[in-house]
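Student: Could you have a look at this structure, given as structure tokens, before my questions?
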Amino acid sequence: MAILFWLLRSIFASHITLVAENALLRHQLAVLQRSVKRPRLTRRDRMVWVVARLVLRRWRECLVIVKPATVVGWHRTGFRLYWRWKSRGGRPAVRTDVRAVIKRIAAENPLRGTPRIQAELAMLGYKVARATIAKYIGDRPNRTPTWRTFIRNHLDCTAAMDFFTVPTITGRVLYVFVVLHHARRRIVRFNVTAHPTAEWVVRQLREAFPFDSAPRFLIHDNDSIFGEAVDRCLSAMKITQIRTSLGSP
């Protein structure tokens, strides 16, 4: 009986001692937190808590000096540093001459976007990624020239033809055919008829551009009178047709 009493006393005494020691440790930590605003931790200290986060389920309950989010941030930072070290080789640098070609193509062709410049570099034998091209000139899409840009660039070799109507005092409607050269806005040919046909239009075009005076481009609308006969005439004169959009004036 005496032995059992002594054993119980030792057990309770050791438990009381452990509780007292924990209380004293917590008191010291509280004093440290009041006196030291921000503890200085080394890399080894951070590594200890990162490992503790991985192996201990209740690691948050043991943490006092910093917040749990801080330990999570240490873990993420170490993860990024590891993969940065592992991939430290990176992509091979683009040669200086290739960079010069990219910038030259972009400067001389402002309407060409990154995909088209990449295709032209491939034709020259340079395999460059689109992201690499965008690094030097910016990621820009392919753009098509507007009508104003087209006319300005091909002003000297562009003409236009169209019809407009004139009502007479007797109630008749006359059709006026006009061919205009865009270089000086000069009227190359005009004629009037009451019954326009495709053959009549062909005859007017041949008289408007005799010999080698034909322009490179001829703009016209989608009128049905500009049919196959007009197409054959313009092809024989080596004139490229530019049809306007449907519904445009």
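Residues checked against (1) under 27 Å from residue 146 (Cα atoms); (2) touching a strand residue (DSSP E or B) at 6+ places or on another chain (Cβ under 9 Å); (3) not small (Gly, Ala, Ser):
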| site | (1), (2), (3) |
| --- | --- |
| 175 | no, yes, yes |
| 192 | no, yes, yes |
| 198 | no, no, no |
| 220 | yes, yes, yes |
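Residue by residue, here is whether (1) at pLDDT 70 or above; (2) in a helix (DSSP H, G or I) holds:
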residue: 15; (1), (2): no, yes
residue: 18; (1), (2): no, yes
residue: 28; (1), (2): no, yes
residue: 32; (1), (2): no, yes
residue: 47; (1), (2): yes, yes
residue: 50; (1), (2): yes, yes
residue: 53; (1), (2): yes, yes
residue: 66; (1), (2): yes, no
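Student: Next question. If you scan segment 214-248, which residues turn out to be within 15 Å of residue 180 (Cα to Cα) and among the aromatic types (Phe, Trp, Tyr)?
Tutor: 217
Student: Tell me, which strands (runs of 3 or more DSSP E) wholly within segment 141-233 include 2 or more residues that are out of contact with any Ser or Thr (no Cβ under 9 Å at 6 or more places or on another chain)?
Tutor: 158-167, 173-181, 186-193
Student: Checking the condition without any contact (Cβ under 8 Å) to a residue 60 or more places away in the chain and either polar (S, T, N, Q) or under 30 Å from residue 109 (Cβ atoms) (or both), which residue from 203, 243, 186 passes?
Tutor: Just one listed residue meets the conditions, 243.
Student: Could you list all residues from segment 120-151 that are within 27 Å of residue 242 (Cα to Cα) and surrounded by 11 or more Cβ atoms within 10 Å (Cβ to Cβ)?
Tutor: Listed by number, the residues that qualify are 120, 142, 143, 145, 147, 149, 150, 151.
Student: Then there is this: Might you let me know whether segment 162-172 holds any residue that is loosely packed, with under 11 Cβ neighbours inside 10 Å and touching a Leu at 6+ places or on another chain (Cβ under 6 Å)?
Tutor: yes
Student: Considering only segment 53-70, state which residues are of a type in the set (A, V, I, L, M), without any contact (Cβ under 8 Å) to a residue 24 or more places away in the chain and surrounded by 14 or more Cβ atoms within 10 Å (Cβ to Cβ).
Tutor: Once the filter is applied, which keeps residues that are of a type in the set (A, V, I, L, M), without any contact (Cβ under 8 Å) to a residue 24 or more places away in the chain and surrounded by 14 or more Cβ atoms within 10 Å (Cβ to Cβ), segment 53-70 yields only 63.
Student: Considering 98, 128, 94, which residue is assigned to a helix (DSSP H, G or I), more than 27 Å from residue 150 (Cα to Cα) and touching a residue at least 12 places away in the same chain (Cβ under 8 Å)?
Tutor: 98 is the lone residue from the list that is assigned to a helix (DSSP H, G or I), more than 27 Å from residue 150 (Cα to Cα) and touching a residue at least 12 places away in the same chain (Cβ under 8 Å).
The values are calculated or read from the model by the stated rules, or taken from the named source; none is laboratory data. These figures come from a predicted structure and were not determined experimentally. Don't worry about glycine lacking a Cβ; one is built from the backbone with ideal geometry, like all the others, and counts go over all protein chains shown.
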